[in-house]
Amino acid sequence: MEEKNRLIPADEKELQDPENLIKNTEADTEGIVDFMHEEIKKRPMNRRKLLRRARETSLIAILFGTVSCIVFAILLPVINNILYPSENTAQTVMLPEENPYEELTPEDMVENERKLEAKEEKEWIREELQGILDEKIIGVEQQKRISSALQELASESSGMIAAVSAISSDMDWFNDSYENKNTVSGLVTKKSAEGIFILVQSRRISDAQRIMVTFKDGTETEARIAGTDEVTGLTMLNVPLVSVPVGGRALIREAKMGSSVGPIITGAPVIAIGSPTGTPGSVTYGNVTGADNSLDILDNDLCLLTTDIYGSGDATGFLINLDGEVIGMIDMRYRDNSVPNMLCAVGISELRPVIRRMEAGRTKAFLGINGIDVTPEISKANDIPTGVWVKNVEDDSPAMAAGIQKGDVITGFGKTEILHMAGLIVQLENAEPGQNVILHIMRRNGGSFEEVQVPVSLQ
């Protein structure tokens with residue numbers, strides 16, 4: 001009873017009362033919520049203090065880096081000596097002892113000379129190339145000067161070219177007569193008191209009733225035929241000197257003859273003058289591409305010059321070198337069908353005897369063979385006598401009438417020994433048509449050759 005009647009404090013009563021407990025809890029929760037909704041303000045930033053700290057940090061970093069570099073530079077050699085002691089050890093190189101009395105063998109001397117020559121050649125080529133680069137040979141200005149010089153040379157050489165016109169009369173459908181005029185280029189080979197001699201292709205004037213020649217000054221005069229060579233197809237014209245005015249004579253130049261020997265002119269620059277494009281007075285430039293082609297012509301050993309000059313199939317004219325000398329006569333009869341418009345010419349060296357003979361009005365004696373040289377090398381290799389090997393005999397020729405056969409080797413003409421075709425040509429040039437001569441022939445009989453003397457009546 002005493003416990004029941006004991007007085008309970010007010011606080012305990014509140015705790016013991018559930019309703020009071022709930023109310024107190026709600027009151028506490030509201031207090032917490034109010035506390036969480038309070039606004040907390042950040043402390044303001046001190047920019048001056050922050051900048052000062054950044055400067056201090058940068059200075060410390062620079063100082064640290066500088067000290068580190070100095071220490072690293074000082075300690076690097078020491079560390080290398082500790083880690084790699086063998087690499088710093090000096091090594092002694094032993095050179096082989098030279099023997100002052102050691103001599104080179106002949107083979108070594110030849111090899112050394114070859115190496116020295118090759119080195120000198122390379123140095124020479126290098127110097128030449130450097131010279132070309134230094135002088136700028138292929139520059140525009142240099143090219144202009146070269147072109148100008150070539151044009152001037154072609155202009156100076158035009159004085160030895162004459163325009164030859166073959167004139168013939170014909171009738172049209174209405175029985176009215178008219179003239180045909182075919183103009184080609186001729187070469188002035190000689191200018192003397194005997195007249196002006198002009199070389200031209202025979203086929204270009206074969207049907208002419210009159211032949212007119214026009215010189216550089218424009219003088220036009222009639223010409224006559226002084227001589228003809230049927231084998232080469234060339235004709236020599238003559239114009240009386242008095243038919244050309246004195247002023248015009250000074251402009252007419254006698255052609256200078258150069259050399260058409262193959263090894264000399266192959267690859268050489270040339271100028272084509274006359275009518276290389278088919279038009280009188282035209283000029284073209286280029287190079288000789290070949291000079292080793294022998295033309296298969298009766299009683300002759302002519303050389304064909306090929307060029308890289310593009311021309312006309314009807315081209316006529318002449319090739320001159322850079323010295324203004326004639327080296328070939330353009331003749332498109334011998335052109336290569338695979339390159340029909342590339343100019344070709346007959347070498348002037350082989351034509352000189354023909355030209356001089358026609359100027360003199362003489363006719364060459366005719367034998368009628370195609371021959372090939374049997375050189376000492378060919379003779380030794382094939383066991384054939386040295387001389388002219390008969391490749392072919394022309395029908396109805398003096399050679400056929402005399403019984404000369406294919407495969408014979410001509411070794412003598414009268415009392416003159418024949419070693420090559422050029423020697424036989426000289427003898428025929430000096431002989432006269434109708435002359436009787438003895439040809440010395442080596443003819444095969446079984447496994448050997450025997451000499452036969454054959455009398456021939458030249459035509």
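The values are calculated or read from the model by the stated rules, or taken from the named source; none is laboratory data. For clarity, every value in this text was computed on a predicted model and none was experimentally measured. For neighbour counting, all protein chains shown are included, and Cβ atoms are generated from backbone atoms with ideal geometry for every residue, glycine included.
As for region 233-244, it holds no residue that is touching a residue at least 60 places away in the same chain (Cβ under 8 Å), in contact with a Pro (Cβ under 8 Å, 6 or more places away or on another chain), surrounded by fewer than 20 Cβ atoms within 10 Å (Cβ to Cβ) and not hydroxyl-bearing (Ser, Thr, Tyr). Being in a strand (DSSP E or B), in contact with an Asp or Glu (Cβ under 9 Å, 6 or more places away or on another chain) and not assigned by TED's automatic domain parsing to the domain that holds Leu428 is not true of Gly328.
When region 159-176 is limited to residues that are modelled with pLDDT of 90 or more and either in a strand (DSSP E or B) or more than 35 Å from the chain's Cα centre (by Cα) (or both), the one that is surrounded by the fewest Cβ atoms within 10 Å (Cβ to Cβ) turns out to be Ile167. Of (1) polar (S, T, N, Q); (2) free of Cβ contacts under 8 Å to residues at least 60 places away in the same chain; (3) surrounded by fewer than 20 Cβ atoms within 10 Å (Cβ to Cβ), Ser259 satisfies all except one. Which? With (1) polar (S, T, N, Q); (2) free of Cβ contacts under 8 Å to residues at least 60 places away in the same chain; (3) surrounded by fewer than 20 Cβ atoms within 10 Å (Cβ to Cβ) applied to Ser259, the lone miss is (2).
Residues are listed down the side, and each one gets a yes or a no for (1) acidic (Asp, Glu); (2) within 30 Å of Pro269 (Cβ to Cβ):
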{"position": "Ile330", "(1), (2)": "no, yes"}
{"position": "Asp336", "(1), (2)": "yes, yes"}
{"position": "Arg362", "(1), (2)": "no, no"}
{"position": "Ser397", "(1), (2)": "no, no"}
{"position": "Lys415", "(1), (2)": "no, no"}
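Of the residues making up region 336-369, those that are of a type in the set (Asp, Glu), closer than 19 Å to Tyr310 by Cβ and buried (at least 19 other Cβ atoms within 10 Å of the Cβ) number 0. Looking across Glu156, Glu179, one residue alone is outside any strand (DSSP E or B) and charged (D, E, K, R). It is Glu156.
Yes/no per residue for (1) touching a helix residue (DSSP H, G or I) at 6+ places or on another chain (Cβ under 6 Å); (2) of a type outside the set (Val, Ile, Thr):
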| site | (1), (2) |
| --- | --- |
| Val188 | yes, no |
| Phe197 | yes, yes |
| Val213 | no, no |
| Asp229 | yes, yes |
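Among the residues of region 262-282, just one is surrounded by fewer than 19 Cβ atoms within 10 Å (Cβ to Cβ), in contact with a Ser or Thr (Cβ under 9 Å, 6 or more places away or on another chain) and assigned to a strand (DSSP E or B), namely Ser282.
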